[in-house]
Amino acid sequence: MSEQFVYTTPLDPRAKPLIEGLTFEYDSRYGDVMREPGQPREMERYPAEVFTPAHGGNFVLLLRDGVAIGGGAFMRHDERTAELKRVWTHADLRRQGLASKVLAELEAEVQRQGYERIYLTTGFRQPEAVGLYLGHGYTALFGPPIDPETPRKLPFEKYLDTGRRHAPSAPGQLVGAAQR
């Protein structure tokens with residue numbers, strides 16, 4: 001059983017489990033409760049090109065024996081900040097540290113691309129995501145709600161230790177074996 005990260009795009013056929021898994025997750029947890037009338041569903045909000053190095057972003061899959069078991073992306077939020085999106089692990093493989101591996105890889109790539117800060121939001125019905133980000137040093141930019149079912153996005157940020165800027169990982173580039 002070998003695991004590796006590969007940089008690609010959301011249009012890669014290997015990304016299909018990630019896209020379908022996230023679509024199911026968002027639809028089953030939220031339906032349209034977080035969607036503004038006339039706005040697209042979450043998985044339709046951003047074109048694939050915002051997750052490419054040419055546009056300041058990137059998209060990574062965690063493959064196990066060639067099959068996507070996790071992944072995530074980021075896009076340019078501003079000149080100093082990357083915004084994480086689409087962090088996912090296969091539903092049958094959760095509680096194995098895969099999300100932490102994906103998050104660490106995304107943070108490393110964000111740094112390689114020269115960003116100083118990461119921003120992200122997660123939904124109010126994703127307590128496991130809140131725990132993941134708090135457990136990895138992210139600062140919550142929100143106060144506790146009076147009612148935990150109050151529809152809202154929960155923003156987080158993390159400042160990175162800025163070092164030298166490196167070339168971004170290109171689509172199709174294998175980054176190596178995922179750390180176990």
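The values are calculated or read from the model by the stated rules, or taken from the named source; none is laboratory data. Computed from a predicted structure; not experimentally measured. No Cβ is skipped: glycine too gets one built from the backbone with ideal geometry, and neighbour counts run over all protein chains shown. The protein model used for the area step is the full one, side chains on, heavy atoms only, and it has no ligands, DNA or RNA in it. Shrake-Rupley method; radii C 1.70, N 1.55, O 1.52, S 1.80 Å.
Which listed residue (Pro37, Gln111, Met1) has the Cα farthest towards the positive end of the charge dipole for region 1-147, taking +1 on Lys and Arg C-beta and -1 on Asp and Glu C-beta about the Cα centre? So the residue we want is Met1.
Could you calculate, for region 61-152, the ratio of the Cα radius of gyration to the Kirkwood radius, expressed as Rg to Rh? The partial results should precede the final answer.
Numbers: Rg = 14.1 Å, Rh = 14.3 Å.
Checking Rg against Rh, the ratio lands at 0.98.
Atom-type composition of the exposed protein surface of region 1-142 places 51 percent of the accessible area on carbon and sulfur (1.4 angstrom probe).
Helices in the chain that qualify as membrane-span-like (whole DSSP H runs, Cα extent of at least 20 Å along the helix axis, mean Kyte-Doolittle hydropathy of 0.0 or higher) are 98-112.
Surface exposure of the chain, expressed per residue as accessible area with a 1.4 Å probe, stands at 53 Å². Within the chain, the proportion of Cα pairs with more than 19 Å between them is 57 percent.
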